[in-house]
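Down below is the structure, laid out as structure tokens.
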Amino acid sequence: MKKTKVDHYTDKEALEFHSHKKPGKIEISSSKNMTTKRDLALAYSPGVAVPVKKISENPDTAYDYTSKGNLVAVISNGSAILGLGNLGALASKPVMEGKAVLFKRFADIDSIDLEIDSEDPDEIVNSIKNFAPSFGGINLEDIAAPDCFIIEEKLKEILDIPVFHDDQHGTAIITTAALINALDISKKKIDKIKVVVNGAGASAMACTNLFKKTGVPQKNIIMLDRKGVIFRGRDNLNQWKSAHAIETKDRSLNDAIKNADVFLGLSAKGALTKDMVKKMAKNPIIFACANPDPEITPEEIEEVRNDAIIATGRSDYPNQVNNLIGFPYIFRGALDVRSKTINEEMKVAAANAIASLAKEDVPDEVVAAMGGERPHYGKDYIIPSTFDPRLISVIPAAVAKAAMETGVARIKINNLEVYKDQLKQRLDPTVTILQGVNNYIKKKPKKVVFADGEDENTLKAAIAFKNSKLGIPILVGKEELIKNQIKKIGYNENFDIEIVNSKDKEKRDKYVKYLFKKLQREKGMLEWDCDRLIRNDRVIWASCMVACKDADAMVTGNTRRYSSSLEKISKVVDPRPGEIMFGLNLIVNRGKTIFICDTSVIEYPDANQLAEMAKSAARVVKLFGIEPKVAFLSHSTFGEPATDRTKRLSDAVEILKKSKVKFKFDGEMQPDVALEDMYKELYPFSEIVGNSNVLIMPSQHSAAISYKMIKSMSRAKVIGPLLIGLGLPIEIAPLRTSTSEIINLASIAAYSADVIEYEKN
């Protein structure tokens with residue numbers, strides 16, 4: 001079992017993340033325009049009275065006229081926060097906000113966190129009951145047992161919306177999915193296996209219940225708490241533990257584990273020993289899910305067994321039992337049919353859907369999302385990755401279907417295949433793209449030069465790049481200044497990060513020699529001119545590091561204008577042979593990903609340049625796992641109105657037709673025609689209308705103005721501009737770029753260093 005690296009962050013970084021710009025991780029934004037007096041009159045008084053009356057007449061219409069149908073309350077009292085214990089309601093708020101963010105990121109569900117300052121189950125139930133009509137579902141989180149059982153059971157009796165305690169049922173669903181596949185791989189029948197569950201908390205009981213629902217006989221499951229085996233006749237068992245008591249002579253884990261087929265640990269580090277593992281049946285299934293440290297490590301298991309199938313709760317090992325695979329999508333399916341509850345059949349359906357997905361061949365877009373690694377169903381892949389973009393279409397559909405079949409759905413989805421396609425559109429592709437890039441570069445760490453090493457944002461980015469195990473950063477700058485900045489950021493001045501500058505005579509001589517050889521004839525420069533450039537300009541120095549293979553990639557910018565940085569880099573590095581150089585921006589808004597070019601290099605490209613730009617952009621977009629659909633943009637659409645300036649674009653289209661490229665393209669067209677479905681009827685002959693994701697702008701002016709206006713005036717996520725066509729993996733950050741944006745560019749540069757053949761003619 002291969003162990004991967006885990007990201008590490010300082011306390012200061014975590015606090016800065018939560019306090020940056022606007023404190024916290026969530027905000028509320030309007031889903032309707034609020035620009036005119038009429039808009040306000042419709043949104044509030046007097047227009048709001050109309051839906052109010054409709055809802056009073058028929059409460060179900062609240063789903064039609066309010067956000068209720070896509071709104072989940074994330075609720076805790078802070079009595080069992082992560083592994084930190086009872087720290088109170090307010091202390092749980094960062095976790096609940098995080099949960100709300102996950103709902104949005106993975107399933108496009110809006111969430112509001114509500115922390116209830118009480119440890120009285122009845123008081124909590126009453127509070128939730130009173131505000132529940134505002135929500136489509138209730139997610140309970142980090143509430144200690146047995147209160148979590150009491151609260152959930154009472155709420156299910158009272159409310160007619162889904163109530164889901166994720167600590168229990170999310171864990172149970174993922175674990176059951178893993179069990180289904182582990183049994184398949186080990187050739188074991190579910191009704192014949194012996195299961196040992198070490199732990200009797202909320203999640204352990206929920207897992208055990210779902211195991212039984214899936215087909216494991218009760219008599220075949222032995223559960224243990226801190227006092228040992230839960231057996232019939234044992235004193236002081238509460239009603240929940242009593243439900244899992246069986247007739248057995250076993251009294252300890254050491255007794256129970258003999259000939260066990262399955263071990264499920266939801267207990268504590270070290271609970272399972274290597275000697276116990278030796279006693280288990282052939283092809284044992286070991287789910288050591290204690291957090292942060294499992295009951296036994298995979299390495300320890302493999303010291304004594306080579307036939308075990310292993311899962312943990314950790315991300316640094318294969319087969320992570322992660323609730324994130326379940327809860328966003330389960331709620332998505334339940335909300336979309338307006339389910340009254342999340343019943344056992346829906347949970348089983350979710351588990352089966354997850355299990356089935358792991359058995360399927362992994363398509364290329366999933367490989368891209370997982371960093372270029374193509375997993376195969378087997379011992380080390382029994383559960384899909386949390387970043388598998390197929391989860392959004394598979395699990396909600398299975399849950400919705402089960403809700404409809406069991407009569408708890410208020411509405412019916414007539415075509416599940418159409419529904420699955422709609423679900424895919426909810427996923428934010430940017431995160432998937434970047435996650436794929438980051439997963440890839442973690443496996444093949446590259447040396448990345450951060451040319452502006454003295455700049456605070458650049459320095460923070462380099463440190464985060466190192467701490468996140470994305471690669472090996474190198475800082476260019478004066479050592480004393482950088483170390484002072486490191487101290488200012490909150491690290492020890494001796495923080496382990498390489499600092500380089502022109503005081504390194506050996507490197508300086510090498511770079512001067514390289515630059516002089518390149519520029520003496522090309523620019524008529526003398527050797528001392530090259531020496532002056534090397535000594536005085538960090539961008540020149542950093543570019544030479546990459547050119548002379550002292551580093552793999554580079555990121556610069558942030559402290560100077562883009563054109564100035566490009567001018568310096570171009571002295572050292574030529575364009576890639578046979579390619580055009582241009583800027584490409586990745587923009588995501590409302591779940592739609594587009595690429596805009598040229599935003600930074602060619603002021604007014606001719607038809608040939610536009611065509612070459614399209615070819616290169618399509619190649620890059622494919623590297624990110626997206627099928628390119630290229631639109632040439634203009635103020636006109638297919639020649640109407642025709643002007644001299646639109647001819648370049650139509651000529652570029654004709655050039656591509658003659659080139660017989662293997663991607664879809666069309667133009668010229670206006671941006672709304674390229675992006676909005678409503679225009680498909682008007683232009684049925686074009687496959688690009690309404691479907692475009694690569695936008696070729698008529699000039700640098702329009703491209704730069706467009707992307708910067710989008711970035712400034714919307715909530716769109718913008719990455720770039722990516723410098724396409726340069727002969728080495730170097731990226732330039734625009735002025736005043738944030739730390740996270742610099743990290744993204746550094747990651748892409750490192751990724752490019754491995755996937756692009758820069759020396760290919």
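A short reminder: the numbers here are calculations on the coordinates, not readings from a lab. All of these numbers come straight from a predicted model, not from anything done at the bench. Here the Cβ is made from the backbone with ideal geometry for all residues, glycine too, and neighbour counts use every protein chain on show.
Numbers at a glance
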read-out	value
GluC sites (Glu not before Pro) lying in DSSP loop within segment 586-691, provided at most 14 other Cβ fall within 10 Å	603, 676, 681, 687
Positive-pole candidate from 565, 198, 130, dipole of the chain, charges at beta carbon	565
Inter-label distance, nm, simple model (7 Å from Cα along the C-beta direction), residue 532/residue 19	4.6 nm
Rg/Rh (Cα only; Kirkwood hydrodynamic radius) as it applies to segment 324-426	0.99
Extended-chain gain in nm, criterion 0.36 nm per residue less alpha-carbon gap, residue 424 and residue 105	113.6 nm
Given charges at beta-carbon only (K, R positive; D, E negative), |dipole| of the chain in Debye	1140 debye
Tail beyond 21 Å, pair distance distribution of segment 582-724 (Cα, percent)	36 percent
Percent of beta bridges antiparallel (DSSP, the chain, rounded to nearest 5)	25 percent
The chain: equivalent-ellipsoid semi-axes (sqrt of 5 x gyration tensor eigenvalues, Cα, Å)	50, 34, 25
Pair residue 456, residue 619: separation of 7 Å Cα→Cβ label points (nm)	4.1 nm
Global geometry of segment 11-161, whether rounded, prolate or oblate, following the gyration tensor of its Cα atoms and the 1.5 cut on a/c	oblate
Estimated FRET transfer efficiency (residue 469, residue 659; beta-carbon r; R0 51 Å; 0.05)	0.75
Test item: Cα-centred dipole of segment 454-532, Lys/Arg +1 and Asp/Glu -1 on Cβ, debye	260 debye
On Cα atoms only, tilt of 505-522 relative to the major axis of the chain in degrees	50 degrees
Cα-based equivalent ellipsoid, segment 281-336: semi-axes from gyration tensor eigenvalues, Å	29, 13, 8
Efficiency of FRET between residue 685 and residue 735 - r from beta-carbon atoms, R0 45 angstrom, step 0.05	0.55
10 Å binning of all Cα-Cα separations within segment 376-494, expressed as whole percents from 0 upward	11, 25, 21, 16, 15, 9, 3
Segment 303-363: radius of gyration over Cα atoms, expressed as a fraction of 2.2 N^0.38 Å	1.44
Value of relative contact order over segment 438-572, rounded to a whole percent, pairs C-alpha under 8 Å and six or more apart	28 percent
Kirkwood Rh (inverse of mean 1/r, distinct Cα pairs), segment 438-572, angstrom	15.4 Å
Amide N of segment 433-463 lying under 12 Å from the label point, which is placed 7 angstrom from the Cα of residue 478 along Cα→Cβ	454
The chain - mean residue ellipticity at 222 nm from DSSP helices (-39,500 (n - 2.57) per run, n ≥ 4, rounded to 500)	-13000 deg cm²/dmol
Relative contact order computed over segment 11-161 (Cα-Cα under 8 Å; 6+ residues apart), in percent	23 percent
Inter-probe distance in nm under a simple model that places probes 7 Å from Cα toward Cβ, at residue 119 and residue 44	4.2 nm
Under 12 Å from residue 154, Cα to Cα: aspartates and glutamates that are on another chain or at least 8 residues apart	122, 123
Cα coordinate range in segment 162-211, projected on the principal axes (Å, largest first)	35, 21, 13
Table column - 3J(HN,Hα) (Hz), segment 389-395, Karplus curve with 6.51, -1.76, 1.60, x for Gly and Pro	x, 6, 4, 4, 9, 7, 5
HN-Hα J in Hz across segment 47-56 - Karplus 6.51, -1.76, 1.60, θ = phi - 60°, x for Gly and Pro	x, 5, 5, 5, x, 4, 5, 4, 5, 5
Shape box of segment 636-694 [Cα atoms, principal axes, largest first, Å]	29, 29, 18
Longest to shortest principal axis, alpha-carbon extents of segment 188-321, angstrom	38, 28, 27
For residue 472, distant residues with modelled amide H under 5 Å away	446, 447, 448
Farthest toward positive dipole pole in the chain [+1 Lys/Arg, -1 Asp/Glu at C-beta], among 539, 170, 704	539
Helix axis angle, 93-107 relative to the chain longest principal axis, alpha carbon, degrees	70 degrees
